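The values are calculated or read from the model by the stated rules, or taken from the named source; none is laboratory data. Just so it is clear, the structure is predicted and the values come from calculations on it, not from any experiment. Cβ coordinates were reconstructed from backbone atoms using ideal geometry, including for glycine residues, and neighbour counts include every protein chain displayed.
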């Protein structure tokens, strides 16, 4: 069931992404299915979780590295999943009415579901390495959401800033996780949480703690990394309501709670986390008072509340953790409703600037009432949920033991934060819903559609109900959450509105009085509307980015100035340096220990002579591009024949087919290059190039000779022995590609697909100068166009044959994909790109995505049988007319390879073949 819970958002994201022709309502319904079904699954798990059980599923992924695909749900994970799905469902409903006709609902809901899945994966991960994977996925998907309005510069800058800061923190977190794994000897979450004393006693603890906290502080916008959060407000309001109330910024404090038993309990943890939390609490609250943008005010108030939660976890007492967890829930409720209310105001008024708003309670009474209730909850007014956790915060600040100075500092910071919280909440309410206004609006404000107001109403009502009867409403959930965080150390506590007249209550009253006085005092002393706040952090970030860009431009101008010769020289020279340095002391000794070479037969000498002659010929005629291309094709052909001679048919087939496709691609590229390349007349450069080429070629020759003469008892003999019994394949080459080194192959097809996408992106909008193109279209070859109709079924049959036999005989997905591309390639040459597109109409971009997905599913399928990722299975089918058909599970992975190779090859081909057509069409328009 946990697997289904995690898979839901990713599967529906794919469905939404592929439903290009669906209506806006359909996209919203598809997106809404995820929280609906997810909440249903959580409900089915609730009984076990509330009884204190920990639900786990585990699949071996990369056991040697300690990475298992382990899912784990306890009270803390269940509650955060409830927040992710519950508020996510309200955001989907709200977003359906918020998005304008110009916005793409398909793209928006796809990004939103990807982010929802990443958050779910992070909170229910049972392995720290897996948690780090989903952590980074939240950064990437939030980047897409924040930059959703890519036509706006502030959205692009905000997204870039968020990705940079949180991405750097993610790298630090990964380093901390690796250190924790080294200390404990495992990345399993249960093992790590039970090893708190071992971790704190290790000499690596300060480094591990520092790296993990760096990841937490950047993600949850703690001082001094807080500046990215206000600039992320350029995102659509549904994104802000989701990311900055219940999900992304809560990821850091979630991890702080998750790892609390393992990392907390030391003086270092207390001082660092408490100090950073207190600084963030005050900085965020103070700057919130002076914001003019509604979302800017809410962003800085979010920073302040995140600092409050961090401070509470830093205190490390059991009741401080309870208060921190309670405030996570309360903050999610009132802050999500406030962001949505701000979005409604922006949607109906055309602005979020409080200097142009005012008196909206008269024009938007229902929205005003809901927003005022949520604002009072944020301020911590009695009978609302924020009051309860704020009073618990005051109580814990006053009860810090053994740190007299810190108790005084934290108590003062708590009181000041309460005062500032009243002030900025009062400004939000007063400047928006009371006073004079609105001013200079382009529209007459009015209430939004009813269903757009429903999510705000649901959350505002929860703020009131929790504030009045907390023990009956949120009490059981909070107990479960605390038990999942602290385990056996969870304290007994009760929630109630009235605790008598005590010091925390007096602090609450003082904060209200002083906050009101501060707000109206500031209004009398200065003109709020004239105050302009500047983000020092943003300016420092921009200076660093500009300096980095300037350095990159200078480096590019010196190194990659458009000269292919210089680029190749630097690449080969650096490769020689890196490869040659370790060999300086041992190359000749290695050669001296090698066996005697075997005599080369006449055929081998002939092939060697052809290879040498073709290579020299390529160098001689390289100035004539077409001639050089033909001669270099002979080099590839000779290499494939050498593979045949050395009994390597798979390599020979691959080499031959790759040669065919690349030669065709290069021939099409020649259409956009001059017939004759410029010949350098600098003798020193020629001498340099000859020397570099000689050293590189000689080095590779030495390595090849050493490998061929090395003893036969190497890893290859082990692969030969294990190929059939463990991977059920007699073709060892194919078994290595799709089983033993399947991860490498997956990386290679991913790189291949990315290369095709890069070619497509670079040439999609290419505009060629007249002198860069050979005049006139390429001449049609004197071959009947019907030849392609005959070649296609023949090539398809051969392709399927090679694909199915590849696990036990020469063939496989890579070879079969190239064979299938050949008839399409011929059709491009004979009839042009337009004829091919009209005949096949294949979406190569989706083909690459589908191929990669199939490759992943081929590996994941192993988990259903309780074996590690990409472990092979075997099945013998007795097919009528065909006979016994042996099938291996690696066939699914190989299918992904097949599709990626075919789609990637044809994407590059079709893009190069249509550049001139697109340019001609543009010029005609």
(request) Could you check residue 64 against (1) at pLDDT 90 or above; (2) part of a helix (DSSP H, G or I) and say which number it fails? (result) (1)
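For every residue, the table says whether it meets (1) more than 30 Å from residue 125 (Cα to Cα); (2) touching a residue at least 12 places away in the same chain (Cβ under 8 Å); (3) in a helix (DSSP H, G or I).
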{"position": "477", "(1), (2), (3)": "no, yes, yes"}
{"position": "482", "(1), (2), (3)": "no, yes, yes"}
{"position": "493", "(1), (2), (3)": "no, yes, no"}
{"position": "498", "(1), (2), (3)": "yes, no, no"}
{"position": "506", "(1), (2), (3)": "yes, no, yes"}
{"position": "511", "(1), (2), (3)": "yes, yes, yes"}
{"position": "515", "(1), (2), (3)": "yes, yes, yes"}
{"position": "518", "(1), (2), (3)": "yes, yes, yes"}
{"position": "523", "(1), (2), (3)": "yes, no, yes"}
(request) Could you identify the single residue in 123, 84 that is over 23 Å from residue 181 (Cα atoms) and either part of a helix (DSSP H, G or I) or without any contact (Cβ under 8 Å) to a residue 40 or more places away in the chain (or both)? (result) 84
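Against the condition touching a helix residue (DSSP H, G or I) at 6+ places or on another chain (Cβ under 9 Å), in a helix (DSSP H, G or I), in contact (Cβ under 8 Å) with a residue 12 or more places away in the chain and buried (at least 23 other Cβ atoms within 10 Å of the Cβ), how does residue 181 come out, does it pass?
Details: touching a helix residue (DSSP H, G or I) at 6+ places or on another chain (Cβ under 9 Å): yes; in a helix (DSSP H, G or I): yes; in contact (Cβ under 8 Å) with a residue 12 or more places away in the chain: yes; buried (at least 23 other Cβ atoms within 10 Å of the Cβ): no.
It is false that residue 181 is touching a helix residue (DSSP H, G or I) at 6+ places or on another chain (Cβ under 9 Å), in a helix (DSSP H, G or I), in contact (Cβ under 8 Å) with a residue 12 or more places away in the chain and buried (at least 23 other Cβ atoms within 10 Å of the Cβ).
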(message) So for the stretch 131-145 (the condition being in a helix (DSSP H, G or I) and farther than 29 Å from residue 542 by Cα), does at least one residue qualify?
(response) yes
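Would you say residue 457 is over 30 Å from residue 318 (Cα atoms) and in contact with a helix residue (DSSP H, G or I) (Cβ under 6 Å, 6 or more places away or on another chain)?
Working: over 30 Å from residue 318 (Cα atoms): yes; in contact with a helix residue (DSSP H, G or I) (Cβ under 6 Å, 6 or more places away or on another chain): yes.
The answer is yes for residue 457.
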(request) Working carefully through the options 450, 427, find the one that is in the same structural domain as residue 356 (by TED's automatic domain parsing), more than 24 Å from residue 383 (Cβ to Cβ) and more than 33 Å from the chain's Cα centre (by Cα). (result) 450
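This table checks each residue for (1) surrounded by fewer than 24 Cβ atoms within 10 Å (Cβ to Cβ); (2) assigned to a helix (DSSP H, G or I).
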residue	(1), (2)
239	no, yes
242	no, yes
245	no, no
250	no, yes
256	no, yes
262	no, yes
271	yes, yes
(message) Among the residues that make up the stretch 218-235, is at least one of them closer than 21 Å to residue 123 by Cβ and either free of Cβ contacts under 8 Å to residues at least 60 places away in the same chain or outside the structural domain of residue 130 (by TED's automatic domain parsing) (or both)?
(response) yes
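From the list 372, 345, 381, which residue is under 33 Å from the mean Cα position of the chain (by Cα) and modelled with pLDDT of 90 or more?
Numbers: 372 fails: under 33 Å from the mean Cα position of the chain (by Cα); 381 fails: under 33 Å from the mean Cα position of the chain (by Cα).
Residue meeting the stated conditions: 345.
Determine, yes or no, whether residue 208 is more than 23 Å from residue 291 (Cα to Cα), assigned to a helix (DSSP H, G or I) and under 18 Å from the mean Cα position of the chain (by Cα). Walk me through how you get there before you give the answer.
On the way: more than 23 Å from residue 291 (Cα to Cα): yes; assigned to a helix (DSSP H, G or I): yes; under 18 Å from the mean Cα position of the chain (by Cα): no.
The answer is no for residue 208.
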(request) Filter the stretch 402-440 down to residues that are touching a residue at least 24 places away in the same chain (Cβ under 8 Å) and outside any helix (DSSP H, G or I) and give me whichever is nearest to residue 337 (Cα to Cα). (result) 434
(request) With the checklist (1) more than 31 Å from the chain's Cα centre (by Cα); (2) surrounded by 12 or more Cβ atoms within 10 Å (Cβ to Cβ) in hand, flag the one item residue 537 doesn't pass. (result) (1)
